[in-house]
Amino acid sequence: MINWLPYAIKFTGLIKMEFVNYLGDENVAKFMLLFARVSGVFVFFPFFSHNNIPVVIKATLSFFLTMFLFPLAKLDTPQYNTFFILQILSEALLGMISGIILQMLFAIIQMAGEQISFTMGFTMASIVDPGSGANMPITSQFLYLIALLVFLAFDGHHLILLFLSHSLGHITLGAFYPSENFMQYIIMSMVNIFLIGFTMAFPVLAIILLMDLIFGLLMKTMPQFNLLVVGYPIKIAIAFVVLITVLAIMMQYFKELTLKVFENMQSLFF
C-alpha cells in the first residue's frame, strides 16, 4: 500500500513556499491599492452603498472582488512612504467622484418627487430613507425605489463592475488625479438635477396648476364649494393618475440618462 502522507506533506510545503514568495512588496502594495479602489465602489456607488447592506458583507465582497480583479491590475514601482498614502487616497477619490456622478441621477428622481409632493400637498408626509437615513417625501421615496429597480433591471450594477474592471486597464493603481473636466461635469450635473427634475415632474405640476385654476373659478362662481373636502381629494387622485401614466416614460428617460452617464464616465476617466 502506498503511503501518501510524505507526498502530501511535501506538496503542502511547496504551496506554502509559493504563497510566501507571492507575498512580495509589489503584490502587497498592488492588493492594498486595488482594495481601496474596490472599497470606494461599495461606499459611494448606488445600490452597493445602501445602508441596509451590512458593513461586513460590503467588506467581504470588496475582498473577494479584489482577489478576482488582481490579475488585471497594473502598478508601477511601489513606494512605501507618504506618497503611498496619497496613492491610497487617490484610489478612494476615484470611487467617490464616479459614485457622486451616478448618485446625481437618483437625485434627479428625488427632486422630481419632492416637487410633485409639494404640489400635491404631501409635504408633511415624509419618511426616513433607508439608503441615506434622511427624511424624504413619500413620493420621492416611491420614485427612488422604482428607479433603483429599473437600474437593477437593465444590469446597472453589472455596468458598475465593468467600469471598475475597465478602469484597471486604463488607470494605473495610485495614478488617478481629478482634472478640470471633472469639476465642470459635476457642476453641469448639479444644474441638471433641478432642470431635468423639473422636466420629469412637469406633467403632474401642469395638471395640478390647471386644477387649482379651475377650483379658483369654482370658488368665485360657487362660494358654497368646499375646497378642503372636495377639491383636495380630487386633486390628489388626478395627480396620482397622471403620475402613473407618465411613470414608464420617466423611467425610460432615467435609463437613457444612466447609459449616457456611463458613456461620459468612460470619456472622463479613460
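The values are calculated or read from the model by the stated rules, or taken from the named source; none is laboratory data. These figures come from a predicted structure and were not determined experimentally. Quick reminder, even Gly has a Cβ in these numbers, built from the backbone with ideal geometry, and neighbours come from all protein chains shown. Each accessible area value is taken on the protein alone, full model and side chains, heavy atoms only, with ligands, DNA and RNA left out. Shrake-Rupley method; radii C 1.70, N 1.55, O 1.52, S 1.80 Å.
Among the residues of segment 38-64, count how many are part of a helix (DSSP H, G or I) and surrounded by 20 or more Cβ atoms within 10 Å (Cβ to Cβ). Spell out the reasoning first.
At the first step, the residues of segment 38-64 found to be part of a helix (DSSP H, G or I) are 38-44, 55-64.
From what's left, surrounded by 20 or more Cβ atoms within 10 Å (Cβ to Cβ): 38-42, 44, 62.
Qualifying residue count, segment 38-64: 7.
Of the residues screened, residue 185 is not one that is loosely packed, with under 15 Cβ neighbours inside 10 Å and within 25 Å of residue 97 (Cβ to Cβ).
Can you pull out every residue in segment 159-182 that is over 16 Å from residue 98 (Cβ atoms) and open to solvent by 20 Å² or more (accessible area, probe 1.4 Å)?
Correct list: 172, 180.
Only one of the listed residues (237, 248) is without any contact (Cβ under 8 Å) to a residue 12 or more places away in the chain and within 20 Å of residue 121 (Cβ to Cβ). That residue is 237. In segment 1-52, the residue that is farthest from the chain's Cα centre (by Cα) out of those that are of a type in the set (Ser, Thr, Tyr) and either at pLDDT 75 or above or under 22 Å from residue 269 (Cα atoms) (or both) is 39. Residue by residue through segment 191-217, note down the ones that are open to solvent by 100 Å² or more (accessible area, probe 1.4 Å) and closer than 29 Å to residue 269 by Cβ. Result: 194, 195. Among the residues of segment 241-260, is there at least one that is farther than 28 Å from residue 192 by Cα and either open to solvent by less than 90 Å² (accessible area, probe 1.4 Å) or touching a helix residue (DSSP H, G or I) at 6+ places or on another chain (Cβ under 8 Å) (or both)? Among the residues of segment 241-260, not one is farther than 28 Å from residue 192 by Cα and either open to solvent by less than 90 Å² (accessible area, probe 1.4 Å) or touching a helix residue (DSSP H, G or I) at 6+ places or on another chain (Cβ under 8 Å) (or both), which makes the answer no. Taking the stated definitions as given, is residue 212 on the phi > 0 side of the Ramachandran plot and not aliphatic (A, V, I, L, M)? So residue 212 does not fit the description; no.
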